[in-house]
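Structure first, commentary second.
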Amino acid sequence: MNPAETLRPRLSAFEAAWVIARRDFLAVLLSRAFLFFLLGPLFPVFVGGLAGAIGGEVQRESVSVEVGLAMSPQENAAMRAAGQRLIPQLGGALPALRDVPEAAGDPDFDARAFMEARRGNYAAILTGTLARPELVGTEGQVRRWQGPVGLIAGHAQSAEPTAFPEVAQAIVTTSAAAERSSRIQTAQVAQMLLFLLTMLLAGMVLSNLVEEKANKIIEILAAAIPMDAVFTGKLFAMLGVSFVGIAVWGLAGFAMWSVGSDAITATSGFDPARLPAPAVGWPLFIALGITYFAMAYLLLGALFLTIGAMANTVREVQTLSMPVTMMQLMVFFLAAYTIKQPGSGLEMAAIVFPLSSPFAMLARAAMEPQLWTHALALAWQALAVLALVKGGSLLFRKRVMKSGGAGRVCRGWFARRNSGTAEPAE
Amino acid sequence: MAVSEQNLPGNRGTGFTTIPDDARPLAIEAKGLVKSFDGTRAVDGVDISVPEGAIYGVLGPNGAGKTTTLRMLLGIIDPDEGVRRVFGHDRPHDIGRLIGYLPEERGLYPAMKAIDAIAFMGALRGLPLKEGRRRAVELLERHGLGHAADRQIRQLSKGMAQTVQLLGTLVHRPKLVVLDEPFSGLDAINQGKLEMMIRALADEGVTVIFSTHVIHHAERLCEGVAIIAGGKVPYAGSVESARDRIPAQVRLETRAREGAWLSALPPETRRNGDFFQFPLPETGVEPLLRRLIEGEAGILSLSIERAGLHDAFVAIAGEAAARQLEADQAEERA
C-alpha cells in the first residue's frame, strides 16, 4: 500500500507555513552572512564610542577653558583663591585660572601681542588690576568669560569671603506636569527604539523571495503549498531571526552597560535607569513593546515581502529600498507627531492606520494605563497582517506566477515590471 | 505530392478522447483549459484525461503550451476558463501529499545538503522531516549518490543535482508524478535511467505524466499522449490510436522511372529518392501490384510499414510543428 495514502491529503496552512519558516530560519541563522548581520549594528556603536572618546579627548586638549592671569603676583593669588571659593556654587561655569609664566616679573608683558603670536593655550588672558581688570582674547572667548571673570575679580577684592547660606532640599517624587512630561520622554524613547529596530530588521524581508525566484524554487513551493503559507512562513522566519538579533544586541548592550554605565551616561547624557516608569508599569510595557515590535515587523514585513516579491533581481530590491525607507520614516513621523496630542483625531488616525498603529499604541502604553485599548489594537493589527499576507500572496500569484486575471490595482505597473520574466507559454 | 493534414482520417477538433476501453478511474481530467498571457492565448481549450497508473506524455514543440498546461493541472496557476480535476479534486493543493512535481527549470537551495533538500521537498508534501531524511539516504544510496548525501547542492554536478531534485519529487511516495521535460539536459545514460525509473513507478501503480519534445521518449514509455501545438490539443489518446490514425505506409522501389503505371499510384504518393511512398490503399496492395506489373514498372522492392508516433505527430500537429519539434531536439543535442 502506498504510504502516502495513510497520510492526510494536505498540510494545514499552519503546517505548511511552519515548513517554510523552519527552513528559512535555519538557513539564515546558519549562514556566515548572519554573523555580519549581527555584528553590523554593533560596529557603529563601537566606532561611535571610540570616536566619541577620542573626539572628547581632542576637544579637551584643543578647546581650552583656561584663563591666564597676568596681573601682579598678589592679585593673581587673590583671583585663584576667589575662584576656588566659588567653584562649589558655580562649578563648570567658571574658567580654570592659571598664572602666565611669561608675564611673571615682566612689567612690559604685552598680553595682546602674546595672544596674537599664538603662544600658550589660553582662552583669554586677564591683565590690569582687580579694580580695573582687562580681558584679552578673541571676541567669542572674551564674551564667554567676561561675566565669570568679573564675578571672581569682585570676590577677590572683598576683604571678607562671602558666606553662602545652605539651601535645604525638599524633593517630591512627581507632579502632574512632571509625570506627563516624563512619560512623554519614555514614550518617545520607546517609539524611537521600536522604529530603529523595525527599520533595521524589516528591510531584510524585501529580498526574501528573490532567492526562490532566481533559483526557480518558487515553482516547487507554489505547486506544493498555497502561496499565502509561503508568505506567512517567510515572514515568521524573519521575525524569528529578528528576535535572535535583538537578543544578541540586547545582551551586548547589557554587557556594555554593566561595564561602562557611568561613561555611557556621561558621554551620551542619557541614563536609561532614570527613565520615568510608563503608565502600565515596566513589565507590561516591555511585554507590549515586544508584541508591538512583532506586529510592526509583521505589518511592514508583509508589505515589503509583497513589494520585494515583485522584484526580479537584487538590484531591483536595492532600488526599492529607498522608497521603502521613506515610507517607514513617514509612518514613524505620523506616530511621533501624535505623542503630544493624546485623544486627538490625528492620534486616532495613527492608531487606526495599521502601519503606524504599533508605534502609536506603544506610546499610549507609556502614557495611559488602560489595557483594553491594547487588546483591541492588537486584534486589529493581527487582522491587518492577515489581510496584507493574503493580498500579497494573491498579487504574487497573479502578477508573478501569472495565475488568473490581473487585478485592476497595480496591473499596469507590475505588468510592465514583470514583462518577460515569466515564461508565458512554456 | 505531400501528405496533407486534410487527407487524414479521424477527428482533428478538440480531440477529447481517453485511452480507449479503459475502465480505470481518472487521475487527471481537464476540459476546455484556457490560459492567456498579456492577451495571447498560450493554451486554448485543452482537454486531457489520464487514467490512474498510466504513463502519459504531453508531446509538443517548445512554446506549444505544455508547461502552462501542467502548471494549470497542478494548481500553480489557475486557468482563465475550463475545469481541471486531479483525483477528483478541483483544487490540487487539497491533495498535495499525493502529487510529486519536477519543474522544467530545476531549482534547489544551493546551500542545502542533498539529504536536506530531499527531506525538505518531502516536508512540503507532508512527510515528517525525520522520515524524509531516512528515505533520502535510502534513495540516494539506491541511485548511487549515497556519498553525496552530506554535500551541498552547489557542490554537486548538474546531473547529480537533477537526480537529487527528482528524488525529492518522489520521496513522499506520491500517487501522481508530474515531470516537466524530465529528459532535458540529461545524457543518454541518465535518460535511460530515468526511463527505467518512470517504468518502475508505473509498475507500482503511480500515474506519471511528463512533457517532452522528444518523440522517442513518449513512444517508448507512454500508453497515452496528448499532442499539443499552438496551445491546442489536436489529439489526446493512446499512442496506438495515434499511430493507427495514419494508414500503414507503402514503400516502393521500381526499375522504371516513367510510364503509364505511375497513374496507378495513389494521389498522396510522394517521391523520396528512388522510392515512392504512399499510404496503404484501403483496397490493399493486390490491385495495385497487378497494375504495376501490367504497366511494367519493374518492382525492385515493396514494403508495408506501420506508422510511428513521429508520422502521427506530423499528420496530427502539422509539418510546421514537426519541424519545430525536430529543431528543438537538434538544439538540445547541440
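Read-outs: derived from the displayed coordinates by stated rules, not from any lab. As the structure is a computational prediction, the values presented were derived from the model and not from experiment. Backbone-built Cβ (ideal geometry, glycine too); neighbour counts: all protein chains shown.
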So what are the range B:9-244's ellipsoid semi-axes, whole angstrom, largest first, if each one is the square root of 5 times an eigenvalue of the alpha-carbon gyration tensor?
-> 30, 18, 17
Helix B:129-142 sits off the longest principal axis of the Cα atoms of chain B, rounded to the nearest 10 on a 0 to 90 degree scale, by 50
Rounded if a/c is under 1.5, else prolate if a/b is larger than b/c, else oblate: which is the range A:63-157, with a ≥ b ≥ c the root eigenvalues of its Cα gyration tensor?
-> oblate
Write down the Kirkwood hydrodynamic radius of the range B:77-179, to one decimal in angstroms, obtained as one divided by the mean of 1/r over all alpha carbon pairs.
-> 14.2
Helix B:319-333: inclination vs chain B longest Cα principal axis, degrees, rounded to 10, gives 50
What is the calculated FRET efficiency for A:Ala13 to B:Arg323, with r their C-beta to C-beta distance and R₀ = 45 Å, to the nearest 0.05?
-> 0.40
For the range A:270-284, take each phi angle, set θ = phi - 60°, evaluate the Karplus expression 6.51 cos²θ - 1.76 cosθ + 1.60, and give the result in whole Hz per residue in order, putting x for glycine and proline.
-> 10, 10, x, 5, 9, 5, x, 5, x, 4, 8, x, 5, x, 5
Toward the positive end of the charge dipole of the protein assembly as shown, about the Cα centre and with charges on Cβ (Lys, Arg +1; Asp, Glu -1), which of A:Thr232, A:Tyr337, B:Pro79 goes farthest?
-> A:Tyr337
Long-range HN-HN contacts of B:Ile228 with modeled amide H, under 5 Å = B:Leu59, B:Gly60
Loop sites only, by DSSP: take the trypsin sites (Lys or Arg not before Pro) in chain B that have at most 12 other C-beta atoms within 10 Å and name the longest stretch containing none of them.
-> B:1-254
Select from B:Val206, B:Val285, B:Val239 the residue whose mean-square fluctuation is largest in a Gaussian network model of chain B (Cα-Cα springs shorter than 10 Å).
-> B:Val285
Rounded, prolate or oblate: which fits the range B:48-95, taking a ≥ b ≥ c as square roots of the Cα gyration tensor eigenvalues, rounded meaning a/c under 1.5, else prolate when a/b beats b/c?
-> oblate
Say the cut-off is 29 Å between C-alpha atoms; which of A:Lys402/B:Lys175; B:Lys130/B:Lys158; A:Lys340/A:Lys390 go over it?
-> A:Lys340/A:Lys390
Can you tell me the Rg and the Dmax, both Å, for the Cα atoms in the range A:191-298?
-> 18.7, 59
Pull up the DSSP beta bridges for the protein assembly as shown and report the antiparallel fraction as a percent, rounded to 5.
-> 60
Orientation-averaged projected area, Cα convex hull of the protein assembly as shown (nm²) | 51.0
